[in-house]
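Structure record follows, encoded as structure tokens.
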Amino acid sequence: MSDWLRWLLIALCLVAGLLVVWRGRRQRRAFFPGLTWTRRKRERRRRGMVVSVLGWLAVALVVAGATGGGLLWFLGWPRLPAAGQFDVAQVLDLLKIALSVVAGFGGVVLLAVNYRKQRVAEDEHDLAIQRADREVVQKFNERFGSAAEQLAHDSPAVRLAGVYAMAGLADDWADKRQVCVDVLCGYLRITREEAGGEVEVREAILRVIRDRTRLSGELSWSALAFDFTGITIENADFARRKFSGEVLFDGAEFVGAEFAGEKVDFADGYLRSSSVAFFRCRFRAPVVDFSKLDFTFGRVVFDRCDFADLELDLSLGLEAQPPFVVPLLAENCRFERCRIELGRSGHGVKLADCVLDTVTIADAEEHRRTHPWPGNELRGGTSLPSHYVTP
């Protein structure tokens, strides 16, 4: 056989092996597209096993042929002696070599089978995980539906149970925790008759929110968003609580609540097309900050509130707004031993019918046109700049 013919046969073997391997990979992708089972499992596994074994055998044959051909080429393509010239020892050596080759091919087949078994086991494991995840999500959805039905029940006792069921689901279901909290806040925004245990239901919602926004809690809702738009918060205690997500108080009313701690910070808040009202609230923190509020037709109202021993920052940052706008109004409030910082926004603040006992008013622009503050009672040496005094 001529040299070129030998090299042609070796090249054909290499091409055939590569085609078999490529075909096996292509069929494997067809069988397992993203672990989506589209054919029968047994048929798919059997065909995938056969293709994998054939592919590895082809690779082994190509490697063996290439190795043998390279060795013969290196030796100058020597002629082998006739079969009759071999003695018994040489024949036994040839048989040993043949058996070693067969064992090598058997090892290749075993390697391919074990590899396919491992792949099948991994695929089944992934499918089991996906199936378990779907079952968990299904159970969560069932719990969500049950809790929502309880919240819509006519009986306040059932609604109260629904509050704790929804809160417990939020604790367990991290991916949909925000949805569960939105449902609880949405319940607070629904107008209901306050008779028949409804007050207890609403207090329970605020209590579960309070319990899960502690500064040092293992399970925290502090990073979530809370929409308290238009609700009434009465006698709520959020001391030593943390809210790092978006909290909306548009149109909310605080009744009987006390704001204490190191600082009460509403700075850089945003109000749009509604008001936030504080009714009969007590402010006892050393610093109460309402500075740099962004108003879009919104308003902050303090009605019958007490401020004592604190610094109140009302520098709203309203230099560009017209002088007839009064976004912050305090009526029938009591200020004791306070310092009220107005900055350049005195025209946007109005105090009416309030008691000011030992209060210092800090106004950056005394000659700016402002609203007069009518009906205020001044005590303890408190005095108002002339432009706030009613003519």
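Any read-out appearing in this document is the output of simple, stated calculations on the displayed coordinates, not a laboratory observation. Since the model is a prediction, treat every value here as computed from it, not as a measurement. Methodologically, a virtual Cβ is constructed for each residue, glycine included, from the backbone with ideal geometry; neighbour enumeration extends over all protein chains shown.
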Extension gain residue 124-residue 152, at 0.36 nm per residue separation less the Cα-Cα distance, in nm? 5.9 nm
Extension gain (nm, one decimal) between residue 218 and residue 282, 0.36 nm per residue minus Cα-Cα: 20.0 nm
Name the shape class, rounded, prolate or oblate, that the alpha-carbon gyration tensor gives for the stretch 129-253, where a ≥ b ≥ c are the square roots of its eigenvalues, rounded holds for a/c under 1.5, and otherwise prolate holds if a/b is larger than b/c and oblate otherwise. oblate
Rounded to the nearest 0.05, what FRET efficiency do residue 378 and residue 304 have when you use their Cβ-Cβ distance and R0 = 22 Å? 0.75
Lysines near residue 350 by alpha-carbon distance under 22 Å, same-chain residues fewer than 8 away left out - which ones? 292
Restricting to lysines and to Cα separations under 24 Å from residue 139, and discarding same-chain partners fewer than 8 apart, the set is 176
What spacing in nm lies between the two simple spin-label points modelled at residue 164 and residue 134, each 7 Å away from Cα in the Cβ direction? 3.5
For the stretch 137-203, would you read off the P(r) tail past 21 Å as a percentage of all alpha carbon pairs? 19
Apply the Karplus curve 6.51 cos²θ - 1.76 cosθ + 1.60, θ = phi - 60°, to the phi angles in the stretch 128-143 and return the couplings in whole Hz, x for Gly and Pro. 5, 5, 4, 5, 5, 4, 5, 5, 5, 5, 5, 5, 4, 5, 5, 5
